[in-house]
Amino acid sequence: MTLVGRQIGRYRILEQLGSGGMSVVYKGLDTALDREVAVKVLHPHLAGRDESRRRLAREAKAVARLHHPNILEVFDFSAADSQNAYIVTEYIRGRTLRQYLDEGGLEPPEIAAMIIHELAAALAHAHEAGVIHRDLKPENVMVREDGVLKLMDFGIAKLLETEERMTITGTLVGSPAHMAPEIIEGLEAGPEADVFSLGIMLYGFATGRLPFTASNTTATLKRILDGTYEDPRRRVASLSDELAEIITTCLQRDRRHRYPHAGKLRDALADYLTGLGFPRVNEELASFFVDPDSYKKAARQRIVASLLERSERLLAEKRTPRALASLNQVLALDGQNARALAMLDGLNRARRRRLWMKRGVQAAVTLAVLASLGTGGYFLFRSRPGPATPSVPDTPLPTKPPEPAPTPRSGEPDPINAPLQPPTPLPVPEETAPPTPEPSPEESSTARKPPLKPEAPRPAKVHVSILVRPYGAIQVDDLAPSPQPLAQHDLELAPGAHTVTVRCEWCEDAVETIDVAPGAENVFRLRAQLKPSRLSFDYQPAEAQVRINEELRTARESMERPFDIRSPRGPASFQHRVEYEVSYPGYRTEKRVVAVEPGKPITLRGSLVAE
């Protein structure tokens, strides 16, 4: 039965937006605050259970404490004595991520990595607060009109008992193809379960197919429990080894081998994307959702350019296998790329040249051995007495008299009479050994001098990559600082400990210590510390209360003592989104989001509207 046109508490139901296995979602109007909201009403068979209501209230309270730009905000939930069980959230103008996927794919795979990065950032905030989602899928992600992702339905799957999660109103709660193995087995789900589901989404977004699919639900669940899936690189040639490794880590059957929480996955994706020239993920996605086709084309060109530069650097450093991997990815994106084909041709020519040189050396060694054996055999034949030759009665031909054998130089063996391998000389008996001559005065003085200590070889420098999030200039030890701020710095350093200082125009100096090891993949991920921003509110009435997180002061006080807004260390971009609330009795509460920049003071001006 539809609730359109009815009143639930202070919320007037305007229209139905969608329906699922556990609830129906309506667009509503908050008559007290005069704002549009979304009202998720549980199906009656769930609303009639006291335990379901208690779980609903518990989960709603937990999610209401989450404040993140990529998490749908919870405003209210039903009271215990209410006829209907519901949750009230902010209303999003946009479409679900599933609708975007149905219209077109996410190619190149780096776009899929950007989407999962944003979702992982939202889940990292939730995991820090002890909240697990448990039902991650594209249908639970909204894409706002400005391209911002909003993650919905936190904890909704926990409202059911384990045995009830399989078939509710014809729908498998939790989406079987996205479930973590521990949820299927009825175990308690932790942050690793959300990481597994994010890995499934990343695989599906990048390849266009889910990793665990079968003809029916039972077979799908069995494949998840078995942990068998096809390598994503076999489905998409342009998928890099690094991204495939991230997917593999997420989809480990044993939860202990996955990323322990979404924050680690977020960081791994951020480092990967930054290395390709995409440090501002939220801005990139906003551009993508505005014009997907144009963005895909431009992103492909940027990735190709970045991979070509990386390939040239790796070839210069004699790191041929990694260079080949980058070139293969380039040709998967642009099969006729002239620079990539030229580099591959150069590698092939060098390989053929090394092969011919190797064969030439082998042939020369063989000829030398044969020549040596031939000469030695000739001399050996000369040194042996031959059989008697019968005399010939005819008159012998005149012959040139034989030349005398060359007299060997002093100290040199006779090449004619010397054996092929001279035996090891026997030790001279002590009584017949010649006396050792006394050293001359010059030799004695030389012998008394201590031998010179050989100079210790200097350790060879090795290649080091320093990734800075979002980006910045670096100074290593007392060396000159880098000329410009970058997301990736490549340099040569001696093995051992080094002090690295990260600087930028909007950063505070951050000092880190790295330990460079010979023969290792020396990649270090450092995080810039952005300068704090100062946020003040010039609002009417001046005594209106302004809340940012747990900090509260009046608008008048904020003009005298602004809010000190600190960005998390190593953010994905230099913009930090801050949610604030302004309220005063008799006026409508205002909740908004502002983007602040590090080190920049901002004054927000406005007036509350009287109720």
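Quick notes on this one:
- Ile247 over 21 Å from the mean Cα position of the chain (by Cα), surrounded by 18 or more Cβ atoms within 10 Å (Cβ to Cβ) and either modelled with pLDDT of 90 or more or over 20 Å from Pro181 (Cα atoms) (or both): no
- Which listed residue is in a helix (DSSP H, G or I), over 17 Å from the mean Cα position of the chain (by Cα) and assigned by TED's automatic domain parsing to the domain that holds Ala177, from Ala270, Ala237, Ala286: Ala286
- Scanning the stretch 214-234 for residues being assigned to a loop (DSSP other than H, G, I, E, B), loosely packed, with under 14 Cβ neighbours inside 10 Å and either within 26 Å of the chain's Cα centre (by Cα) or of a type in the set (Lys, Arg) (or both) gives a total of 4.
- Residue that is of a type in the set (A, V, I, L, M, F, W, C), closer than 26 Å to Glu284 by Cα and over 19 Å from the mean Cα position of the chain (by Cα), where the choices are Leu333, Leu341: Leu333
- Test: residue in the stretch 482-496 that is touching a residue at least 60 places away in the same chain (Cβ under 8 Å) and surrounded by fewer than 17 Cβ atoms within 10 Å (Cβ to Cβ): yes
- The residue pairs whose first member lies in the stretch 175-199 and is closer than 15 Å to Leu251 by Cβ, whose second member is hydroxyl-bearing (Ser, Thr, Tyr) and part of a loop (DSSP other than H, G, I, E, B), and whose beta carbons are closer than 8 Å, counting only pairs six or more residues apart or on different chains, are Ala177/Thr213; Glu192/Tyr259; Val195/Tyr259.
Residue-by-condition table, conditions (1) modelled with pLDDT under 90; (2) touching a Ser or Thr at 6+ places or on another chain (Cβ under 9 Å); (3) of a type outside the set (Lys, Arg); (4) under 20 Å from Val148 (Cβ atoms):
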residue	(1), (2), (3), (4)
Asp538	no, yes, yes, no
Gly570	yes, no, yes, no
Arg577	yes, no, no, yes
Thr603	no, yes, yes, no
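- Test: Asp478 is more than 30 Å from Val593 (Cβ to Cβ), surrounded by fewer than 18 Cβ atoms within 10 Å (Cβ to Cβ) and out of contact with any strand residue (DSSP E or B) (no Cβ under 8 Å at 6 or more places or on another chain): yes
- In the stretch 542-553, the residues that are crowded, with 17+ Cβ neighbours inside 10 Å and either part of a loop (DSSP other than H, G, I, E, B) or not assigned by TED's automatic domain parsing to the domain that holds Pro601 (or both): Ala544
- Verdict on Ala189 being under 20 Å from Ala62 (Cβ atoms), of a type outside the set (Lys, Arg) and either assigned to a helix (DSSP H, G or I) or at pLDDT below 90 (or both): yes
- Scanning the stretch 5-21 for residues that are out of contact with any Phe, Trp or Tyr (no Cβ under 9 Å at 6 or more places or on another chain) and among the charged types (D, E, K, R) turns up Arg6, Arg10, Arg12.
- Hits in the stretch 499-521 (condition: surrounded by 15 or more Cβ atoms within 10 Å (Cβ to Cβ) and touching an Asp or Glu at 6+ places or on another chain (Cβ under 9 Å)): Val500, Thr501, Val502, Arg503, Trp506
- Screening Glu557 against (1) outside any strand (DSSP E or B); (2) buried (at least 16 other Cβ atoms within 10 Å of the Cβ); (3) within 38 Å of the chain's Cα centre (by Cα) leaves a single unmet condition, (3).
- Residue list for the stretch 148-181, filter: surrounded by fewer than 18 Cβ atoms within 10 Å (Cβ to Cβ) and modelled with pLDDT of 90 or more: none
- Test for Arg253: is it part of a helix (DSSP H, G or I), of a type in the set (Lys, Arg) and touching a residue at least 60 places away in the same chain (Cβ under 8 Å): no
- Boolean, Val468 is at pLDDT below 90 and part of a strand (DSSP E or B): yes
- Residue check for Val593: under 29 Å from Met114 (Cα atoms), assigned to a strand (DSSP E or B) and without any contact (Cβ under 8 Å) to a residue 40 or more places away in the chain: no
- Sole residue being under 25 Å from Asn522 (Cα atoms) and over 18 Å from the mean Cα position of the chain (by Cα), chosen from Arg280, Arg258, Arg313: Arg313
The values are calculated or read from the model by the stated rules, or taken from the named source; none is laboratory data. Keep in mind it's a predicted model, so treat the numbers as computed, not measured. Note that we place each Cβ from the backbone using ideal geometry, even for glycine, and neighbour counts take in every protein chain shown.
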